[in-house]
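All remarks here apply to the structure that follows.
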């Protein structure tokens, strides 16, 4: 049985080497006994709390990447960049969708009025799926609607979660809180 001494009863040192699951930790201050399972649980909780600290920034990253991809669809349909084999004629349903992708995709990209823009984009992607893809096949992998479904639910999540700290909305919220 391995024996570890801890100087603080509530904090274990990260990376402590446990060679046997029957190890016991004795806390010098209060003489508590901790099993190896207690140490493993503490390390797992410590790691999860570290990951939890990244959650707001990962939300911002999800918003930025997903809206940048959608924005690129809009630039392709409206600005013809990057060049595409075919572009929709102005005024067509696909062109109007491209205009919405361009404008609202940019708003979500910078994180301005994110919840409203994401709500409209989520609906747009739902319509895109049912109008352009669902009639071809039941399965998204066969009907080409995978991106539309993913965009729909990512933007729906952003409606609930907001823009995250790396956004114009977040900046305005911080400025309003300090004023």
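Throughout, read-outs are computed from the coordinates displayed, never taken from laboratory work. Since the model is a prediction, treat every value here as computed from it, not as a measurement. FYI the Cβ positions are ideal-geometry reconstructions off the backbone, even for glycines, and counts take in every protein chain you see.
Counting beta carbons within 10 Å around each of 130, 155 and listing the fewest first gives the order 130, 155.
Is region 40-179 rounded, prolate or oblate when judged by the Cα gyration tensor, a ≥ b ≥ c being the square roots of its eigenvalues, rounded requiring a/c under 1.5 and prolate requiring a/b larger than b/c? Because a/c hits 1.5 or more and a/b fails to exceed b/c, region 40-179 counts as oblate.
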